[in-house]
1. What is the residue count in segment 14-25 for residues that are exposed (fewer than 13 other Cβ atoms within 10 Å of the Cβ) and at pLDDT 95 or above?
2. For segment 146-169, which positions are surrounded by fewer than 12 Cβ atoms within 10 Å (Cβ to Cβ), at pLDDT 90 or above, on the phi < 0 side of the Ramachandran plot and not charged (D, E, K, R)?
3. Test Val99 against the stated conditions and say whether it is without any contact (Cβ under 8 Å) to a residue 40 or more places away in the chain and either buried (at least 19 other Cβ atoms within 10 Å of the Cβ) or basic (Lys, Arg) (or both).
4. Could you say whether any residue in segment 129-137 is touching a residue at least 40 places away in the same chain (Cβ under 8 Å), more than 18 Å from Gly100 (Cβ to Cβ) and surrounded by 13 or more Cβ atoms within 10 Å (Cβ to Cβ)?
5. Can you report the number of residues in segment 43-73 which are closer than 20 Å to Ser131 by Cα, in a strand (DSSP E or B) and touching a Phe, Trp or Tyr at 6+ places or on another chain (Cβ under 7 Å)?
6. Just to check your reading of the model, which residue among Asp35, Asp56 is of a type in the set (Asp, Glu), under 26 Å from Tyr8 (Cα atoms) and surrounded by fewer than 19 Cβ atoms within 10 Å (Cβ to Cβ)?
7. I need a count of the residues in segment 74-94 that are touching a Phe, Trp or Tyr at 6+ places or on another chain (Cβ under 9 Å), more than 17 Å from Trp40 (Cα to Cα) and part of a loop (DSSP other than H, G, I, E, B).
Amino acid sequence: MAEIVNVYTEQYPALRFIGKSYRDGDRNKNGTFNDQWVQWFREDLFAPLRALNPRDMAAIGLMSINNVPEFEYWIGMFVPKNSPVPKGYEYVDFKPSTVGVSWIKGREGKELYSMHLQCVNGLKARGFEMSNGWFFERYDYERFTRKDENGEVILDYCIFVKEKDYRKK
C-alpha cells in the first residue's frame with residue numbers, strides 16, 4: 001500500500017520546463033501515459049535536456065488542470081529560465097514559486113500514481129493550497145530507481161502552492 005512518508009516545501013527560482021505535451025487522447029488502453037515514457041527512454045529524448053541542466057537530472061511528469069476539461073500531461077525536465085528550446089520540443093515558463101513536495105512510498109503501480117488528493121490534503125493540513133493548477137511527478141534518481149528491501153520506491157509528488165504569509169495570525 002502506498003503511503004506519504006514526508007511532506008515539505010521547496011523554493012524554486014524562475015524556471016523553464018521543456019518537454020512534450022500529451023492530452024487524454026494520447027493515453028494507452030490502460031488510461032496511462034506509460035507508452036510515451038517508454039518512447040522517451042527508448043529514444044533518449046531526455047538527452048538534449050540533460051545538456052541544458054546537467055546538475056538536475058530528474059525526469060518530470062508535469063500536469064495541468066488549467067485547460068479543463070482537457071487534462072495536460074507533459075514529459076520533460078526543468079531547466080534554467082531562458083534556456084533554448086530544442087527543435088521538436090515545447091516549453092512552459094514558471095515564475096519563482098513555492099512547491100509542496102510529498103514523498104509517496106510504495107510499489108510501482110496504479111496505487112503509487114493515484115495519491116493526488118492525499119498529497120493536496122497533506123499540504124492543506126500544513127496551511128498550503130494549490131496556486132496555479134500545475135503539479136508534477138519528480139523521478140529523483142536516488143529515491144525512485146533504487147528499490148528498498150520491500151521492493152518499494154519513493155515518488156516525489158510536487159504541487160505549486162500559494163505563498164504563505166507568516167505575518168497573519
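1. Kept after step one, since they are exposed (fewer than 13 other Cβ atoms within 10 Å of the Cβ), are these residues of segment 14-25: 14, 23-25.
Now restrict to residues that are at pLDDT 95 or above: 14.
Selection size over segment 14-25: 1.
2. Listed by number, the list holds a single entry, Asn150.
3. no
4. Of the residues in segment 129-137, the ones touching a residue at least 40 places away in the same chain (Cβ under 8 Å) are 132-137.
Filter once more, keeping what is more than 18 Å from Gly100 (Cβ to Cβ): none.
Scanning segment 129-137, I find no residue that is touching a residue at least 40 places away in the same chain (Cβ under 8 Å), more than 18 Å from Gly100 (Cβ to Cβ) and surrounded by 13 or more Cβ atoms within 10 Å (Cβ to Cβ), so the answer is no.
5. Taking segment 43-73 as the starting set, the residues that turn out to be closer than 20 Å to Ser131 by Cα are 60-73.
Narrowing further to those that are in a strand (DSSP E or B): 60-64, 72-73.
Filter again for touching a Phe, Trp or Tyr at 6+ places or on another chain (Cβ under 7 Å), leaving 60-64, 73.
Total meeting the criteria: 6.
6. On the way: Asp35 fails: under 26 Å from Tyr8 (Cα atoms).
Only one candidate passes the filter, namely Asp56.
7. Qualifying residue count for the region: 2.
The values are calculated or read from the model by the stated rules, or taken from the named source; none is laboratory data. Quick caveat, the model's predicted, so the values are computed rather than measured. Using ideal geometry, Cβ is built from the backbone for each residue, glycine included, and neighbour counts are taken over all protein chains shown.
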